[in-house]
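Below is one structure; the comments refer to it alone.
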Amino acid sequence: MQNSRSQPCSCPSLKLREVASMYFTMLAAFLVILVVALQGSAPQESDFPYKVPLDPQGLLELSWNVSYPEQAVHFQLLIRELRFGLLFGMSDRGEFENADLAVLWSDGHNSYFGDAWSDAKGQLHMDSQQDYQLLGARRAPEGLYLLFRRAFSTCDPKDYLIEDGTVHLIYGILEKPVHSLQAINVSALHGGLQRVQLLKPNISIPELPSDMKSMEITAPDVVIPSQETTYWCYMAELPEGFPKHHIIMYEPVVTAGNEALVHHMEVFQCAAQFDSFPHYNGPCDSKMKPDRLNYCRHVLAAWAMGAQAFYYPEEAGLAFGGPGSSRYLRLEIHYHNPLVFKGRRDSSGIRLYYTATLRPYDAGIMELGLVYSPVMAIPPGEHSFILTGYCTDKCTQLALPAAGIRIFASQLHTHLAGRKVVTVLSRDGRERQVVNADRHYSPHFQEIRMLKEVVAVFPGDELITTCTYNTEDRSRATVGGFGILEEMCVNYVHYYPQTQLELCKSAVDPGYLHRYFNLVNRFNDEEICMCPQVSVPQQFYSIPWNTFNRDVLKSLYGFAPISMHCNKSSAVRFPGEWEKQPLPRITERLRMPVPRCPPAPEPQPAAPVPLNLGQLRR
C-alpha cells in the first residue's frame, strides 16, 4: 500500500496543517516514550494538581491539569481494578446518550483505545476525528494509569466543548470482553457521573502572613446514614470574646476513605441578632433540628468535590469575630452515598485560616439576581425558560463608592430546575464583561469559584443575572421561593471593599402581574379566582398552560417594570423610589466567543490505538 507521506513532495513547502500534524505526532510519540521510560513509577502529584474520585468506591480516580497556552486538558485516569475496559467522557447533563467518549476496551487478548461518540439511542461510533489523544498507558502497583489529552475546542460537531463552569463527567466499566466498539451496550454498563470544574483559574497564590492561625470546623464522628443523600448539620462556636479577624483562606478536611462520599460542604455564620444558638449535630431535615438554625445563612466558606483551597486576594479578608458578629457557626455536609454503605464514620469539615493582622479591606458578599418571590414563575413542561434579575444603575450609583468595588469570586445558586446561570456587567447600555457563567449548571454542584480575572464594578454599572430552567418533568407552575421545589436565581458575588449594599435584586412589578392574571381570565374559558385571599402561587397553579398563556408570561417578564430591592445588610432599602422601575436598556450585547480550533491534521482512518496491557481477566 502506498503512503503519500513516503513519496517525494511535489510542492515547494509543507502546508501549515501538515507541519502542525507532524509536530503533534512527534509530541505524542515523545510523551509515550517518556511514559514508558517512567514505567513502574507513579506520576508526580504536582503534574496533575486537580483530583477527584469518579465512582463511590474510589476505584476510578481522575487527575488533570489545564494548559491555557495549549488550550488543552491533560488527564490521568487511575483504574485500580481493571476488568475489560471502561468509557470516560463528557455530556451535557451526564447522560450516556449524545456523549463525547474516550473508550478503552478488550476482547480478552488485545486492548484498544479510541475516541468515540454515542448517538441519541446510546449506540457507540468511532469518531472520524480522534481528539482524545492517548499519551501513554502503564501498570503500577496501585493500578493502571491512562494518560491522554483533549483540546478545549476541536470544532468537531460530535465533540463536547470544554468551557468555564460545570462539566458532567461520565464513566462506565466493561465487565465482559467485547470484540468491537460497536458491540458495547451502554445501557448494560455499571457507570455513573461526576461533576467538576475542569477549567480551574490559573491564579497565583498570595503570600500568607506569619501570624496565620487555623481552625477546623468539623462534625465529630458522624455515622453516615445508609441512604443515598444526606444533609448533615453541626453547630460550632467561636471562643468567648473572639476579636475581629480576617479569614484569608480555607480548605477541605475530608476523612480518609470517605473522599467519594463527601460531596460538598459549607460553613454558615448565624445572625447576630440572637445571643445564643442551640447545639445540634444531626440531619438538616430532621424534625429535631431547632428552627433557630434557619437563621444561620451567611456563607463563610463553601467547598465541592474536586475543588482545592480557596484564597482571598492579598488586599482583603473575610471578617469574622468582634462586635456585631455572631460567635455561632453552622457546618452543613452533603453526603452522597449511592451504594448505601452502612456504618461509615466521618469527621469531615472545613479548615479556616485567619489572621489578627487585618488586611486593607474587608471582603463583602452581595446577592444578585431575583428576589425570593412567587411573582417570578416558570410554567410546567418548559425545556428552557428564562428569568432575569437586575441590579440597576440607580442602585449602584447610590450604594457603591466612587472608586467602585472588585469582584474576585462568585457562587451561583438555583434550586432543582436550574440549568444555566450567567451574570453580565453592563455599562452605559453596553454589555462589557461576563462576571460568571455556567452553561451546564447543576444545583447538585455549587461552590464558590475564584474568577479568572477580577471584575471592577463602578457606580452606575448594571449587573444582570439570567437563569434558565427546565420543568419538563413538572405538571404545575414552579414559583419563586425558599422551598426546594420552588426556585431561586442568585449569584453571591465576593468582592472588596465591603459596602453597605448586601442585596441588589429585582422582581416583576406586582401590579403588572395582576394585569396578566386578568388577561388570562379574559382569554380563557376557565375562571381564575382573583379574590384577595387567593395567593399568587394558587393563581399560577390554576392557569391552563396553553401556548398563549406561556407566551404572554414570557413577554411580561421581558418588558414589565420591576420592583428593585437595593438593600443594606439590615434588610432596609436605600432611600429612593424603587417600585415600577424601568428595565435596563441594553443597546449592545456581548458576542459569544468563537471556539478556537486546533490545526486540522491530514485525514486519517478512524481507527483505535492498540495497547499492550497483557491478557485481561475476569
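Observations
- Around residue 166: net Lys/Arg minus Asp/Glu count, Cβ-Cβ under 14 Å: +2
- Extended-chain gain in nm, criterion 0.36 nm per residue less alpha-carbon gap, residue 518 and residue 275: 82.7 nm
- Approximating the spin labels as points 7 Å out from Cα along Cα→Cβ, the residue 556-to-residue 485 distance works out to 2.2 nm.
- Shape call, the chain: gyration tensor on alpha carbons, a/c limit 1.5: prolate
- Placing +1 on the Cβ of every Lys and Arg and -1 on the Cβ of every Asp and Glu, with no other charges, gives the chain a dipole of roughly 240 debye about its Cα centre.
- Looking at segment 203-359, the accessible area is 46 square angstrom per residue; that uses a 1.4 Å probe and ignores ligands, DNA and RNA.
- Inter-probe distance in nm under a simple model that places probes 7 Å from Cα toward Cβ, at residue 92 and residue 362: 4.5
- Restricting the calculation to Cα atoms, segment 307-413 shows an Rg/Rh of 1.04 when the hydrodynamic-style radius is the Kirkwood one.
- Dipole magnitude of segment 401-523 about its Cα centre (Cβ charges: Lys, Arg +1; Asp, Glu -1), debye to nearest 20: 220
- Computed 3J(HN,Hα) for segment 234-249, one whole-Hz value per residue from the Karplus formula 6.51 cos²θ - 1.76 cosθ + 1.60 where θ = phi - 60°, is 9, 9, 10, 9, 6, x, 4, x, 5, x, 5, 10, 10, 6, 10, 6, glycine and proline marked x.
- Contact order for the chain, expressed relative to its length and based on alpha carbon pairs under 8 Å spaced 6+ residues apart, stands at 15 percent.
- Principal axis dimensions, segment 339-496 - Cα atoms, whole angstrom, descending: 49, 46, 25
- Just the protein heavy atoms count here, and of the accessible area of the chain at 1.4 Å, carbon and sulfur take up 52 percent.
- When each of the peptides 183-191, 107-115 is scored by how many other beta carbons lie within 10 Å of its residues on average, the order from highest to lowest is 107-115, 183-191.
- Positive-end ranking of 273, 356, 205 along the dipole of segment 203-359, with charges on Cβ about the Cα centre, is headed by 273.
- Principal-axis tilt of helix 510-523 within the chain, Cα atoms, nearest 10 degrees: 80
- Taking 0.36 nm per residue of sequence separation and removing the Cα-Cα distance, the residue 315/residue 572 pair yields an extension gain of 89.6 nm.
- For the chain, the 222 nm mean residue ellipticity estimated from helices alone, with every DSSP H stretch of n ≥ 4 adding -39500 (n - 2.57) and the total spread over all residues, rounds to -3000 deg cm²/dmol.
- Put a dot 7 Å past the Cα of residue 430, heading toward its Cβ, do the same for residue 223, and the two dots end up 6.4 nm apart.
- Spatially, segment 296-367 and segment 45-115 are offset by 30 Å when compared through their Cα centroids.
- Prolate/oblate/rounded label for segment 203-359 (Cα gyration tensor, a/c 1.5): oblate
- 0 to 90° range, to nearest 10: angle between helix 547-559 axis and the chain longest Cα axis: 70
- The amide H of residue 122, built 1.01 Å from its N in the peptide plane, has 98 as neighbours under 5 Å, considering only residues 5 or more places off or on other chains.
- FRET efficiency estimate (nearest 0.05) - Cβ-Cβ, residue 339 to residue 612, R0 35 angstrom: 0.55
- Bins of 10 Å from zero: percent of alpha-carbon pairs in segment 138-201: 15, 33, 41, 10, 0
- Counting only alpha carbon atoms, the long axis of helix 16-37 and the longest principal axis of the chain meet at about 80°.
- Pairs exceeding 22 Å between alpha-carbon atoms, taken from 200/420; 244/505; 121/158; 394/452; 394/568; 51/342: 244/505; 394/452; 51/342.
- Taking a ≥ b ≥ c as the square roots of the eigenvalues of the alpha-carbon gyration tensor, segment 50-200 is classed rounded because a/c is under 1.5.
- Ordered from longest to shortest, the equivalent ellipsoid semi-axes for segment 352-404 are 35, 19, 9 Å, each the square root of 5 times a Cα gyration tensor eigenvalue.
- Estimated dipole of segment 397-445 in Debye, rounded to 20 [Cβ of Lys and Arg +1, of Asp and Glu -1, Cα centre]: 100
- Around residue 294: net Lys/Arg minus Asp/Glu count, Cβ-Cβ under 15 Å: +1
The values are calculated or read from the model by the stated rules, or taken from the named source; none is laboratory data. Fair warning: this is a prediction, and the values are worked out from it, not measured in the lab. Every residue, glycine as well, gets a Cβ built from its backbone with ideal geometry; the counts of neighbours run over all protein chains shown. Quick note on the areas: whole protein, heavy atoms, side chains included, nothing else; ligands and nucleic acids left out. Shrake-Rupley method; radii C 1.70, N 1.55, O 1.52, S 1.80 Å.
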